[in-house]
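The values are calculated or read from the model by the stated rules, or taken from the named source; none is laboratory data. In this text the structure is predicted, and so the values were computed from the model without any measurement. Quick reminder, even Gly has a Cβ in these numbers, built from the backbone with ideal geometry, and neighbours come from all protein chains shown.
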């Protein structure tokens, strides 16, 4: 076209929506599509650059012709070339678009080299601060997807049929949170709306799957914006439907795998759920977990990292723990990848952030980081290994306690009062949402971070005073929780409380008790520790073992996956059981109970623990740890039941007279029991 172009309205994209002008599109901000100049460009003083792309390779201004071609068309129009194009003389050259700098450097903190130049840049005149001409910007394109063929196709083949995918997405449940379950259901629907013609065929056409994989690669090569001013529709459209990315598909595989974990063994399934009819739930979990990992690798090929990818890595990490166990090398390597990506993206820092910012992009980021931070503390507790994230380097606020429906409401929330949260960030509905549990666990995780720092560093930490102050803060935090989140003994008998809410209450209360357990254990190790400290430790241990067993005895009501039952009981009951073993061997009396009553209570709780450990199968992820704990508990019970009441079965040096060194030496290599010496006799 050689003449001027006259537009009565902004051009439309293939999906029918109005095209944004080039400055707004490149900055990934909302454009109001006004002509001849949009409002944002007019306010920014760049009216001369407010142009619209009407077709590939051509820019148009409402009142001016443009003939310049667009090098970015190599990204949006075709598959990136696998090798530089050949020139006429037979040599090769790299096009200007390929000679771009790598801007994907992630978060750089206060000590990075570029930081020292920011002040000078900020002092430059406004003329120097003007945004460079988009034509002169180095444009990043993806030169190759080395695993575009079979690797990508195998991931697409793992997508379940439509009925199965929608059912599993609805069944997704995670008390870690980290994203938005409702958005996961929307994402599933968008996949079938955009690619149903390809995925709905039986059998699926390989050539069409290949074309779909190319489309996902092109979408994944475009960086996602991080504009907090996006509304819900803009945020969701960036990675769904026709804009589906490998990260988006990875999120779905995480959702589907978690949904498959919760399938009852003898569930009556809809006839149209073909994949569920033909495969056992455990096989589907393994298939979707592998497919999620492939999506992670394909996303990394695109050299773009974002919060979507971080959630996929987080979800894959949790799935790995249910397969290989929390102490294994495979899980810990995945956990390390998650922590590396978290700090690379800068999820841990939000300087001068508004704690009441309710924008969807901000809240998703805060949900994800709160879940990752809490997970890091729980993993460190279970294994006794150092934390990989620390509170001293964290400034990201906790997410607001908003329901998914409210966060993703359309029209979006316009006022602070519409968020339905109080001044502390808790919801005012009196309900337990996923974010309610997430906020509570996040707060407790910050206390756990200090506890682990004291326990694992082997240095002077301030002594008894520091521990007493830490305990006081723990109690103050729990006192600030919403009443609906506090577990009460009568809750287990109140069948009006939904199973999911009861699970949340138990989980949060056990996290609280475990913090107190650690603090009291450390206090009992201090010089001049009173008998009251040991009594409180004993009482907390009894309560932890009792409550942890509810996950096992009330599985049907709590609707808990079997691997969650095993993890919860081992994580909370096993350490407390170690203290009870020591109390039984000492033959001491605690509180107002008689020696006979003390021994009877301990034997009852240890018997419950031993019965649960018998129930854990040999194929369970943490079966090895369970077996070792069970051997110690049974030997303690056998020894105690043969001895008279109030008999100290430890020698003068505090050693147990029974030889279980082989069991202890192997058991202590796996978790934090060795760090706190819960099962090792005093002085051994």
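Odds and ends about this structure:
- Residue 386 meets the stated requirement of being surrounded by fewer than 22 Cβ atoms within 10 Å (Cβ to Cβ) and in contact (Cβ under 8 Å) with a residue 60 or more places away in the chain.
- Which listed residue, of 262, 245, is in contact (Cβ under 8 Å) with a residue 40 or more places away in the chain and closer than 29 Å to residue 556 by Cβ: 262
- Here residue 494 meets each of (1) at pLDDT 90 or above; (2) touching a helix residue (DSSP H, G or I) at 6+ places or on another chain (Cβ under 8 Å); (3) over 23 Å from residue 424 (Cβ atoms) with one exception, condition (2).
- One residue stands out in segment 223-237 among those that are part of a loop (DSSP other than H, G, I, E, B) and buried (at least 20 other Cβ atoms within 10 Å of the Cβ): the one that is farthest from the chain's Cα centre (by Cα), namely 230.
- Selection status of residue 395, touching a residue at least 24 places away in the same chain (Cβ under 8 Å), part of a helix (DSSP H, G or I), outside the structural domain of residue 232 (by TED's automatic domain parsing) and over 30 Å from residue 170 (Cβ atoms): no
- Leading residue by the ranking (nearest to the chain's Cα centre (by Cα)) among those in segment 255-268 that are more than 14 Å from residue 323 (Cα to Cα) and crowded, with 16+ Cβ neighbours inside 10 Å: 255
- If the condition is being touching a residue at least 40 places away in the same chain (Cβ under 8 Å) and assigned to a helix (DSSP H, G or I), then segment 163-174 contributes 163, 164, 165, 167, 168, 169, 170, 171.
- Of all residues in segment 404-422, at least one satisfies being in contact with a strand residue (DSSP E or B) (Cβ under 7 Å, 6 or more places away or on another chain) and surrounded by fewer than 18 Cβ atoms within 10 Å (Cβ to Cβ).
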